[in-house]
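Undergrad: First the structure, which I've put down as structure tokens, then a few questions once you've had a look.
The values are calculated or read from the model by the stated rules, or taken from the named source; none is laboratory data. Please read all numbers here as calculations on a predicted model, not as lab measurements. Please note: Cβ atoms are built from the backbone with ideal geometry, for glycine as well, and neighbour counts cover all protein chains shown. Protein only, heavy atoms only, side chains kept; ligands, DNA and RNA dropped before computing areas. Shrake-Rupley method; radii C 1.70, N 1.55, O 1.52, S 1.80 Å.
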Amino acid sequence: MKMKIEWNWFNECTVRPIPKLLENKEEREVLRKIKKQKVYLLALLLPFIMFVIGFEIGPLMAMIKNSFYADDGIQVTINQYLTIFKSEFYLQAIKNSLVISLFSAITSVIVAVIAAYSFTKFSQKIQNRLLMITNMTSNFEGIPLSFSYIILLGNNGLFTLLFAKIGWDLFADFNLYSWTGLILVYIYFQIPLAVMLIYPSYQGIKQQWKEASSLLGGSTFSFWLRIGGPVLLPSIVGTFSILFANAMGAYATAYALVGSNYNILSLQIASLVASDVALKPQLGSALGVLLATTMIGAMWFNERMMRRVRRDLR
């Protein structure tokens, strides 16, 4: 029980207990307000929760459930997963998706680190304009992007015919509808996203740090190695994992560019789920579970790396 201290005219200390009823009433009022605020916050989050359940958790649970059914949709089995791991065709699709995702993510991160650093060398007004252009470019993907590359660099593309007319055989050995063309398109739509994610990290590097390093005899290389690099590393690692997952799940760009000519995981899932020739949704669900597992693994790797490079998460 709380005590109340009073002083009389003769400087004598008198200790009186605060009524417990009043204390309990105040506590109940505070708890009631907190509970009311929680109800309001839950009501505001309810549409978002329903959206996540209806469009993410629900389809995910249905996909996992369908992956354990046979082709007839009745018998419960793990044959769909056994079919995937015994088939060289599907293993090749997984391998190709992993390779193209790793290559495009690493290349895009390297280019984005350099591009984002170059942005910081301009005035704030020019930086804002460059960021606006980058933001617009990051949304240019899918079928429009593939169609643009076909118009410019296809077999009868603008640049292909123009350089051939001039006599420059720059694109004589270039095939847009191959592994090289697919990699080029993936890198193109990954770079703007990587720049948008890495650029804010440069704002955390203060000019005073560079000046202090210079006064202590440090070179530019030693500054970025010992100070700037560790500051950027969490952002780089997080960006890499996002780009990897983004490339693994990309479908429209690859489908519009190469169709079924190249064997990657997202195209095989679509062909099994929505094809008119070989419709096997259970097998497609099993491939989708493996794809989701790969993305979750990338997120887990990102978390582990973030804990290693960030002291506040240890």
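Undergrad: Calculate what fraction, in whole %, of the accessible area of the range 47-141 sits on carbon and sulfur atoms when a 1.4 Å probe is rolled over the protein chains. Don't skip to the end; give the middle numbers.
TA: On the way: 4430 of 6330 Å².
Answer for the range 47-141 is 70 percent, counting heavy atoms of protein chains only.
Undergrad: Among the listed pairs Lys36/Lys65; Lys95/Lys121; Lys121/Lys165; Lys35/Lys65; Lys125/Lys206, give every one whose C-alpha distance is greater than 29 Å.
TA: The answer is Lys36/Lys65; Lys95/Lys121; Lys121/Lys165; Lys35/Lys65.
Undergrad: Just Glu56, Glu141, Glu303 to compare: in a GNM of the chain, with alpha carbon springs under 10 Å, which one fluctuates most?
TA: Evaluated over the chain, the most mobile residue of the options is Glu56.
Undergrad: Please list 3J(HN,Hα) in residue order for the range 68-76, calculated via the Karplus relation 6.51 cos²θ - 1.76 cosθ + 1.60 where θ = phi - 60°; whole Hz, with x for glycine and proline.
TA: 9, 10, 6, 5, 7, x, 10, 7, 7
Undergrad: Continuing with the same structure: Taking only Cα atoms and a 10 Å spring cutoff, compute GNM fluctuations for the chain and point out the largest among Met50, Met295, Met132.
TA: Sorting by GNM fluctuation, first place goes to Met50.
Undergrad: For the range 157-299, take every pair of Cα atoms, bin their distances at 5 Å starting from 0, and report each bin as a whole percent.
TA: 2, 8, 12, 12, 12, 11, 10, 10, 9, 7, 4, 2, 1, 0, 0
Undergrad: How big, on average over all directions, is the shadow cast by the Cα convex hull of the range 59-199, in nm²?
TA: Computing the convex hull of the Cα atoms and averaging its projections yields 12.9 nm².
Undergrad: Once the dipole of the range 130-239 is set up with Lys and Arg at +1 and Asp and Glu at -1 on Cβ about the Cα centre, which of Tyr202, Tyr149, Pro192 lies farthest towards its positive end?
TA: Highest projection toward the positive end goes to Tyr202.
Undergrad: While we're looking at this one, here's another question. With every protein chain present, what accessible area does Tyr117 have (1.4 Å probe, heavy atoms only), rounded to the nearest 10 Å²?
TA: Probe radius 1.4 Å; accessible area of Tyr117 about 80 Å².
Undergrad: How big is the chain by Rg and Dmax over its Cα atoms, in Å?
TA: Answer for the chain, Rg first and Dmax second: 29.1, 109 Å.
Undergrad: For the range 198-314, with only Lys/Arg (+1) and Asp/Glu (-1) charged at the beta-carbon, what is the dipole magnitude about the Cα centre, in debye rounded to 20?
TA: Dipole magnitude for the range 198-314 comes out near 560 debye.
Undergrad: So what is the diffusion coefficient of the range 162-236 in µm² per second by Stokes-Einstein at 20 °C and 1.002 mPa s, using a Kirkwood Rh over Cα pairs?
TA: Values: Rh = 16.0 Å.
Using the Kirkwood radius from Cα pairs, D works out to 134 µm²/s.
Undergrad: Top mean-square fluctuation among Phe55, Phe189, Phe68, Gaussian network model of the chain, C-alpha springs under 10 Å?
TA: Checking each option, the largest mean-square fluctuation is seen for Phe55.
Undergrad: Within the range 196-314, what whole-number % of the accessible surface is contributed by carbon and sulfur, with the 1.4 Å probe and all protein chains included in the calculation?
TA: 60 percent
Undergrad: Separate question: Averaged per residue, what accessible area in Å² does the range 111-156 show with a 1.4 Å probe, protein chains only?
TA: Details: 2930 Å² over 46 residues.
Each residue of the range 111-156 exposes 64 Å² on average to a 1.4 Å probe.
Undergrad: Report the calculated FRET efficiency for Lys38 and Met61 (r = Cβ-Cβ distance, R0 = 30 Å), to the nearest 0.05.
TA: It comes out at approximately 0.60.
Undergrad: Explain nothing, just the number: dipole magnitude of the chain about its Cα centre with +1 on each Lys and Arg Cβ and -1 on each Asp and Glu Cβ, in debye rounded to the nearest 20.
TA: Roughly 1440 debye for the chain.
Undergrad: For a quick check: with amide H placed at 1.01 Å from N, whose amide H comes under 5 Å from Phe68's, ignoring anything fewer than 5 positions away on the same chain?
TA: Result for Phe68 returns nothing.
Undergrad: Give me Rg over Rh for the range 96-156, both radii from the alpha carbons and Rh done the Kirkwood way, two decimal places.
TA: Numbers: Rg = 15.0 Å, Rh = 13.9 Å.
Value, to two decimals: 1.08.
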